[in-house]
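Contents: one structure, followed by commentary.
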Amino acid sequence: MTAQLVRGYEVVIGLENHVQLSTQSKIFSGSSTAFGAAPNTQASAVDLALPGTLPVLNRGAVERAIRFGLAVGAKVAPLSIFARKNYFYPDLPKGYQISQYEIPVVQGGSVSFFVNGQKKTVNLTRAHLEEDAGKSLHEDFHGMSGIDLNRAGTPLLEIVSEPELRSAAEACEYAKTLHALVMWLGICDGNMQEGSFRCDVNVSVRKPGEPFGTRREIKNLNSFKFLIQAVNFEVNWQIDRLEDGLSIQQATVLFNPDTGETRAMRSKEDAADYRYFPDPDLPPLMIGADWVERVKAELPELPAVMATRFVQQDGLPEYDAQMMTTSLATARYYEAARSACGQAKLVANWMMGEVSRRLNAEEKDIEQAPVGPVLLAALIQRIQDGTISNNAARQVFDALWAGEGADVDALIEAKGLRQMSDTGELERILDEVLAANAKSVEEFRAGKDKAFNALVGQAMKATKGKANPGLVNEMLRKKLGG
Amino acid sequence: MSKAVHELGVAEGLALLEAGQLSSREWVDALLSREDRLGAFLHRDAVGARAAADAADARRAAGDTAPLLGVPLAHKDIFVTTEHPTTAGSKILEGYRSPFDATVVANLARAGVVSLGKLNCDEFAMGSANENSAYGKAHNPWDTTRVPGGSSGGSAAAVAARLLPAATGTDTGGSIRQPASFCGITGIKPTYGRCSRYGMIAFASSLDQAGPMARSAEDCALLLQAMAGFDERDATSLQQPVPDWRAQMLRQEGSQPLKGLRIGLPDEFFPQQLDADVNAAVRAGLAALQALGAELVPVQLPRTELAIPVYYLIAPAEASSNLSRFDGVRYGARCEDPKDLLDLYQRTRTERFGAEVQRRILIGTYVLSHGYYDAYYLQAQKLRRMIADDFQAAFKGCDLIAGPVAPTVAWSIGAQDDDPVKAYLADIFTLPGSLAGLPGMSVPVGFGANGMLDPVTGKPGGMPVGLQLLGNYFDEGRLLHTAHALQQATDWHRAAPQGV
Amino acid sequence: MALTLDDVARLAKLARLAPSPAQQATLLSQLNGFFEHVEAMRAVDTRGVAPLYTPLSAVQEVQLRLREDAVTEVDQRELNQRSAPSVEDGLYLVPKVIE
């Protein structure tokens, strides 16, 4: 797609996402991964790197990596190697992080999504397994920091994209799609507040056609809102420097949500030499074809596949189909409503309209929607069979949402929103209207079409809006011999 | 009893315990009554040992038949233990108490042994003379002005001096075989992965192996039996069954127990610069093996000399990473009032690591650093495979490989202070087997340096010489049987140092 | 190619060691002495040879054994922190960490 320019510069973005895998135990020890325990109560001898301890790899972590690899159409490496990334930091007990370097478990693959109606596909470089670090607590212990190693050893899948994103919006949509996918696959709980899904964003800018500029890496963004803010700030910061004739130094930066600014990390100042080498405690990880096949068989229908099905089976536009598969819950809601009323497009419209508008306003997930799929389907049916107008349907929907009732028909009656379908009654009212508006009738007969609309208005008024406008038109013209 | 109690070997003592002619308490008391003049022990726990011995005697009285019930020994201080402090011979672990026992320690405890404490060793097992211990040098019982070898120097000295019937050791580049040779005892380093490394403080993870040190092959078999076995906590631990090595060796006794055994002699293990008397002792041992029916055949290990640089690149590289966890944050020593994080790391590690450890950390850091990895570490790992392949080629023509353990007998304390790096060259015969992960033994075959005057002390020698036997993977049984046959026919392993 | 004092300083920093200038000078000569011994090895042609990262792979395929995903560890904080130099509220204390 054509790159949208910012102040004449092309923005180049690549993401590295750290996804905490939803295993019971840690990647190299039998400690629990549960969040929020008292400090260091879930840090075992292995997690603390006590002398003599050794790592043993968790099968569940590998299985989840395979699941992801299959879902993005990547190569699941039959042989991959764990390596040691050596650096000193208090939240890194061994003085090295066990990660994968030269040969990762997942190689290649791609992710597709829509950015303002336009489809975009981003290639993945790789996804590798590694261990999470602990946490440094910065609230003051008389000038000291406190180290909690409960998180140390939590399994991570680091997913690396190619630098193919061209705007904050694209980066955000990519991250959202990835976030939805890992939850869809059940390999991550997706809880961003608890750090289960973290984004590192590599940002650089260049004049169109020029080689890549020097990138700066924004670390540990844990909300999509911050991601957009941080990237936009960073892009303008970089352009400002270049415009001032200054150069960009490669750096790792942090985003401060309070100031909305990014700043270089002090702890990463000295150019690191991680001295990667294969971990002698861990022989090569071998994944047999039989294992991959087993995981493939257990894989849920993937969002992309499901979206295609919605296009072909239900005749949804591709964009709608994509929107109906942004999460497993959304897809389930859509399918339930669609099969209950058979009105695929109407269901999609309502979900993308009223439903999502209210969910966003109340910051709720679709599972929490007061109006479930069956209820929505019932409402849509009443629009279909002409019982109520669209406007009336919106009123009913409001009532349902507000919990005023759980029965569509009862609410229609209670609010008297049923459209008048009794033609005898309508005949009588129309005759009264014609009699009472002889002047308009004259004008109409004299050829003034505006007068007809006035008569329709009067008729609708007389029926308190319950009449079907189409029907009123038809009958009036008959009576006026038009 | 023909022998004094403190002189009893494991098998001998066990027989008396089973016959009710000796109690574990008597055995332990006899050992504790002997003074440690060699700096062999770092921690000797008389109270704990006596209590454990009484408990063992009670268990035996109650019909418990654990295989090593009541047998006294002590552990190289590289194994973590809950009941005794663990230092790895380093000031950085001063006062450390492990919350768990090493698997090897736990296995031996389950077999019923009584631990007398922890034994001296080179700091983090880095050394060939036990001169790098932060808690003082250990001395050779045959000549206390000489080194006992290393890194399991305390273990070798204690067993040779009859302070213990047996001890645990670890071997990364020869740390069981070389001190066994220098002190005239028997030691075996099994196939890499035979003994769990869990709870063995790591020096070089792809090389470290635990093994027993005792005065006979039979005693080594008894101990290794208990130490070896699969451990789910060590991803490099072998799922290989552990045969009954002692039963095997006893079954095959007789006049020609080694009939049909082909022993390969690599030319590279008998170079010009090999001490004449070491050569003589080794040849005498080989002749004895021949007399028992073994056939000596020539083999080649063309990359023997390359094993030195290969090992001294790989081991420090792994060590530099393994020792990063000693940072003064979670356990062990911490420097006085650090002014910031960097200061905490740097002063703790600089003040608490010894010179040799710091030297090897720097070598390893360099070897792995950006731009040098391929030239050094990767190249070394490729040569390592070539060295391992050389052994497989050699084993096509023989069942075992034999040669000296070291080019010389034990040297004088301080003799190599001037050039620590030069000392690396003395490991030439033990390194190839270590790099390949093969099982190896040291078996006493007499004495060297007789009449020769030591350059430093001017004293006459009379120092033990060990014969090195190397087997193919998982072939510990053949090694132990061969050594046992030799020891049934000869007395070298029975010689004891005097005056200690 | 011989190391320089700058190399020694750089390596020491990476390894979080702080040898004195005198020690650095000694280390420099010892390291250079060591790497002279090593040169012979660099000359050997190893093209097409696979590195031997774990010994047994010389004779058989060695593959990583996996653990089942189950919680097997219990809270042993008190025991684990018995030898800790500085602890408060169960946290290990270190000089301020500046990100």
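With r as the distance between the Cβ atoms of residue A:176 and residue C:26 and R0 = 60 Å, compute the FRET efficiency 1/(1 + (r/R0)^6) and round to 0.05. Approximately 0.55, to the nearest 0.05. Taking a Cβ cut-off of under 13 Å around residue A:426, the surrounding Lys, Arg, Asp and Glu residues balance to a net charge of -1, with basic ones at +1 and acidic ones at -1. Short to long, the 20 Å bins of the Cα pair-distance histogram for the protein assembly as shown hold 11, 34, 27, 15, 7, 4, 1, 0 percent of all pairs. When the listed pairs B:422/C:13; A:94/A:120; A:94/A:219 are checked against a 30 Å cut-off, the alpha-carbon distance exceeds it for A:94/A:120. Between residue A:114 and residue A:16, the modelled labels are 3.3 nm apart [label points 7 Å from Cα along Cα→Cβ].
For segment A:197-297, the calculated P(r) over all alpha carbon pairs, in 10 Å bins from 0 to the bin holding the longest distance, is 12, 32, 23, 18, 13, 2 percent. For residue C:67, the residues whose amide H sits under 5 Å from its own are A:57, A:58, A:59, ignoring neighbours fewer than 5 places away on the same chain, with H placed 1.01 Å from N.
When you restrict to C-alpha pairs under 8 Å that are six or more residues apart and normalise by the size of chain C, the relative contact order lands at 16 percent. Based on Cα contacts under 8 Å between residues 6+ apart, chain A shows a relative contact order of 14 percent.
Between residue B:7 and residue B:66, the contour length at 0.36 nm per residue exceeds the Cα-Cα span by 19.0 nm.
If a/c stays under 1.5 just call it rounded; otherwise compare a/b with b/c (prolate if a/b is bigger, oblate if not). Do that for segment A:10-293, with a ≥ b ≥ c from the square roots of the Cα gyration tensor eigenvalues. In terms of gyration-tensor shape, oblate. Rounded to two decimals, the Cα radius of gyration of segment A:301-414 over 2.2 N^0.38 Å is 1.03. Of C:77, A:428, the sequence from fewest to most neighbouring Cβ atoms within 10 angstrom is A:428, C:77.
Take the Cβ atoms of residue B:342 and residue A:409, set R0 to 56 Å, and the FRET efficiency comes out at 0.15.
Which percent of the Cα-Cα distances in segment A:70-116 go past 13 Å? When all Cα pairs of segment A:70-116 are counted, 66 percent exceed 13 Å. Take the cross-link list A:225/A:296; A:85/C:96; A:26/B:339; A:26/B:189; A:176/A:345; A:345/A:478 and give me the ones stretching past 29 Å between alpha-carbons. Result: A:225/A:296; A:26/B:339; A:26/B:189; A:345/A:478 exceed 29 Å.
When every alpha-carbon pair in segment B:170-249 is counted, what percent end up more than 17 Å apart? Summing the P(r) of segment B:170-249 above 17 Å gives 45 percent of all pairs.
Based on the alpha-carbon gyration tensor of segment B:357-487 and its eigenvalue square roots a ≥ b ≥ c, which shape applies: rounded if a/c is under 1.5, prolate if not and a/b is larger than b/c, or oblate? It comes out oblate by the Cα gyration axes.
Coupling constants for segment A:388-393 follow from the phi torsions by the Karplus curve (6.51 cos²θ - 1.76 cosθ + 1.60, θ = phi - 60°), and in residue order they are 9, 7, 4, 4, 4, 4 Hz; glycine and proline get x.
In chain A, the DSSP-assigned H stretches of four residues or longer account for a calculated mean residue ellipticity at 222 nm of -12000 deg cm²/dmol, using -39500 (n - 2.57) per stretch and the full residue count as denominator. Taking Cα centre as origin and charging only the Cβ of basic (Lys, Arg, +1) and acidic (Asp, Glu, -1) residues, the dipole magnitude of chain C rounds to 300 debye.
Extension gain for the segment residue A:5 to residue A:329, taken as residue separation times 0.36 nm less the Cα-Cα distance, is 113.0 nm to one decimal. Here the spin labels are modelled as points 7 Å beyond Cα on the Cα-Cβ line, and at residue A:398 and residue A:318 they lie 3.8 nm apart.
Simple point charges give the picture: +1 on the Cβ of Lys and Arg, -1 on the Cβ of Asp and Glu, and for segment A:301-414 a dipole about the Cα centre of about 240 debye.
For peptide C:39-45, the mean count of partner chain Cβ atoms within 10 Å of a residue's Cβ comes to 5. Backbone amide hydrogens, once placed in the peptide plane, bring residue A:196 within less than 5 Å of A:191, excluding anything fewer than 5 places away on its chain. The order of A:142, B:370, A:128, going from fewest to most other C-beta atoms within 10 Å of their C-beta, is A:142, B:370, A:128. Annotation: amide H of residue A:415 has no partner in the under-5 Å range at sequence separation 5 or more or interchain, hydrogens built in the peptide plane. Taking all Cα-Cα distances within chain B, those exceeding 43 Å account for 10%.
Evaluating 6.51 cos²θ - 1.76 cosθ + 1.60 at θ = phi - 60° for every residue in segment A:379-384, the Karplus couplings come out as 4, 4, 4, 5, 5, 4 Hz, glycine and proline recorded as x. Our estimate of slack between residue A:290 and residue A:385, defined as 0.36 nm per intervening residue step minus the Cα-Cα distance, is 28.9 nm.
Roughly what angle does helix A:224-243 make with the longest principal axis of chain A, taking Cα atoms, 0 to 90 degrees, to the nearest 10? Orientation of helix A:224-243: about 70 degrees from the principal axis. Which value in Å is the Kirkwood Rh of segment A:350-399 over different Cα pairs? Computed over Cα pairs of segment A:350-399, the Kirkwood hydrodynamic radius comes out at 11.3 Å. Pairwise Cα separations in segment B:120-161 fall into 10 Å bins from 0 onward with the following percentages, short to long: 42, 52, 5.
For segment A:299-308, putting each phi into the Karplus relation 6.51 cos²θ - 1.76 cosθ + 1.60 with θ = phi - 60° gives couplings of 5, x, 4, 7, x, 4, 5, 5, 4, 4 Hz, in residue order, rounded to whole numbers and with x for Gly and Pro. Work through the residues other than residue A:112 whose Cβ is under 14 Å from its Cβ and net out their charges, Lys, Arg +1 and Asp, Glu -1. Neighbourhood net charge equals -2. If contacts are Cα pairs under 8 angstrom and at least 6 residues apart, what is the relative contact order of chain B in percent? Relative contact order for chain B comes out at 17 percent. Taking a straight Cα-Cα cut-off under 17 Å and skipping sequence neighbours fewer than 8 places away in the same chain, the aspartates and glutamates within cross-link reach of residue A:450 are A:442, A:474. Kirkwood's formula applied to the C-alpha pairs of segment A:423-480 gives a hydrodynamic radius of 11.1 angstrom. Look at C:37, B:139 and count the other Cβ atoms within 10 Å of each Cβ; fewest to most, that gives C:37, B:139. Rounded, prolate or oblate, given the Cα gyration tensor of chain C, with a/c below 1.5 counting as rounded? It is oblate, given that a/c is not under 1.5 and a/b is not larger than b/c.
How large is the Rg to Rh ratio of chain A when both quantities use alpha carbon positions and Rh follows Kirkwood? Here Rg/Rh amounts to 1.13.
Quick note: the coordinates plus some simple rules give every number you see, no bench work behind them. Source: prediction; values computed, not measured. Because the Cβ atoms are built from the backbone with ideal geometry, glycine has one as well, and the counts that use them run over all protein chains shown.
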